[in-house]
1. Tell me which of V200, Y440, S83 sits at the most positive position along the dipole axis of the chain, charges placed on C-beta atoms (Lys, Arg +1; Asp, Glu -1).
2. Can you pull out the GluC sites (Glu not before Pro) in the stretch 320-404 that DSSP calls coil and that have at most 10 other Cβ atoms within 10 Å?
3. State the extension gain, in nm to one decimal, for the chain segment bounded by E274 and R473, taking 0.36 nm per residue of separation less the distance between their alpha-carbons.
4. If r is the Cβ-Cβ distance from E135 to N289 and R0 is 41 Å, what FRET efficiency results, to the nearest 0.05?
5. Quickly work out the L4-to-F158 label distance, labels modelled 7 Å from Cα along the C-beta direction, and quote it in nm with one decimal.
6. Apply 1/(1 + (r/R0)^6) to the Cβ-Cβ distance of S60 and S16, taking R0 = 25 Å, and write down the FRET efficiency to the nearest 0.05.
7. If you place +1 on the Cβ of every Lys and Arg, -1 on the Cβ of every Asp and Glu, and leave all else neutral, what size is the dipole of the chain about its Cα centre, to the nearest 20 Debye?
8. For the chain, what is the mean residue ellipticity at 222 nm derived from helices alone (per DSSP H run of n ≥ 4: -39500 (n - 2.57); sum divided by total residues; nearest 500 deg cm²/dmol)?
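The values are calculated or read from the model by the stated rules, or taken from the named source; none is laboratory data. On a predicted model such as this, the values are computed, not experimentally measured, just so you know. Here the Cβ positions follow ideal geometry from the backbone for every residue, glycine too, while neighbour counts run over all protein chains shown. Areas reflect the complete protein model, heavy atoms only, side chains present, ligands, DNA and RNA absent. Shrake-Rupley method; radii C 1.70, N 1.55, O 1.52, S 1.80 Å.
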Amino acid sequence: MLPLLIKDILALPPQSQEVKVSGWVRTKRDMKNLVFVEVNDGSCFAGIQCTFDRAGGLNSFAEKALEALATGASVEVTGKLVSSPASGQSVEVSASELRLLGEAPADDRSGKYPGLDVKAYPLQKKRHSLEFLREIAHLRPRTNTFGAVTRIRSRMSFAIHRYFIQNGFHYIHTPIITSGDAEGAGALFQVTTLEPEAAVKNILPGGGIDHSKDFFGRKTFLTVSGQLEAETYALAMSRVYTFGPTFRAENSNTVRHLAEFWMIEPEVAFAALEDNMFLAEDFLKYIFNAALEECADELEFFDAHVEKGIIETLKQVVNAKFAHITYTDAIKELEKTSAVFEFKPSWGCDLQSEHEKYLTEKVAGGPVIVTDYPKEIKAFYMKLNNDNKTVRAMDVLVPRLGEIIGGSQREDNLEKLYLRMVEMGMKPDEYSWYLDLRRYGSVVHSGFGLGFERLIQYITGMANIRDVIPFPRAVGQANF
Ligand code: ATP
Ligand code: MN
């Protein structure tokens, strides 16, 4: 049997049964005969207080362990579960035994060999900056903030799978290594086993490297999106989704971009843009509701210490009826307002996040879905409208953030898709497999993409995307 988790111990009635607590020491307060040790095991926000009574007959072994114990140490405490006189907790452990499993010294200690030094435990009781914690990303899950982010990330992953599976979707594992650049969604990481010297030797007559000598016999990349592959499965399984890692060599040092991040991409056959809009709204409400219900303690913490108003905006989205507006009408709204924008809006330009925030916060007063964007600013696979100028694209905008979801109805007409690819300078030959979906049994289909870390940022209010993924990969950063 597995040892009890603190979250389960805290839910037990205080009937003086004996419990064993395993975890890491957050604080130790020494008050003459009484010593209070707070132990946390990551299972829930709260730790459990273990009270040691020196006068109450601690054995000498426990007495010694208690002296050596400090913040960060791993322990196993045995004692009786009793109701707690302290505020903010219903039970505590009246401890009788203590095993110090692993020390965490509060001062530097030199080791027997070079490289075996033990520096003072870096996570002392005081508040540490997020920048500092990023440098010790292997220890930061032991803090309140990262424990809470980790639990939310995990539970939201499960809620996402639950939503799709309950609604008849199949989870598809799309490849991480691909040969197409999937729509030119972003800068690519190349995957190659050619050593730089071999690459230099394998120059083609006209210049360029001969990738027929490379591992896959062609040029390959880390995927930027699983959408095109997901479409193939949607046109066989009707409702599918991907949820996996994607990569972009984004050379931008922003708080919203990672080089490696996780993306959720549902794709639905027999669904037009309106159905896709319904799905996006229903999905977001389900996920935010799950956060409010299943991570209430964590959200309260983020609302109080990270960004005020988090819970209120999530509730607002859950209870709202999402507004709909076309891109053309959205531009009209932006042009007629007296609000000042850094980028002047005009038809044909992509919406900047200042425009998106204005539309959701000032025009719609809640979540809004913008549809039918000019084809020039959207990907090749989006369904062309009869006006020949706009495509069946949709962006879901939410207060406080702007765009959270981007999606579209896909072009299902073979000739139109072919002509659009040629128009955009793509080589239809390379996408022959993708065009086959329009050659054989083509159907109306739609889908969207959602960056998982952006979703977690929205739910937690964490400002920097590097703080909502365990080990961030970004320009100049691939530690651990
Ligand atoms: P942005 O304009 O923010 O760079 P994008 O238009 O490049 O986003 P898409 O190509 O539509 O984004 O990708 C789908 C989703 O993936 C985005 O809505 C966003 O949530 C997420 N995303 C895109 N790039 C990144 C990145 N570098 N790091 C984390 N998430 C990302
Ligand atoms: Mn981008």
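1. Going by the Cα projections, it comes out as S83.
2. On the way: sites: E333, E335, E342, E354, E356, E361, E376, E403; in loops: E342.
When the GluC sites (Glu not before Pro) of the stretch 320-404 are filtered for loop state and at most 10 Cβ neighbours within 10 Å, E342 remain.
3. Details: separation 199, 0.36 × 199 = 71.64 nm, distance 3.60 nm.
Length difference between fully extended and current span is 68.0 nm.
4. E between E135 and N289, to the nearest 0.05, is 0.70.
5. Each label point lies 7 Å from its Cα, and together they span 2.0 nm.
6. With R0 = 25 Å, the Cβ-Cβ based efficiency is 0.50.
7. Approximately 760 debye in magnitude.
8. -9000 deg cm²/dmol
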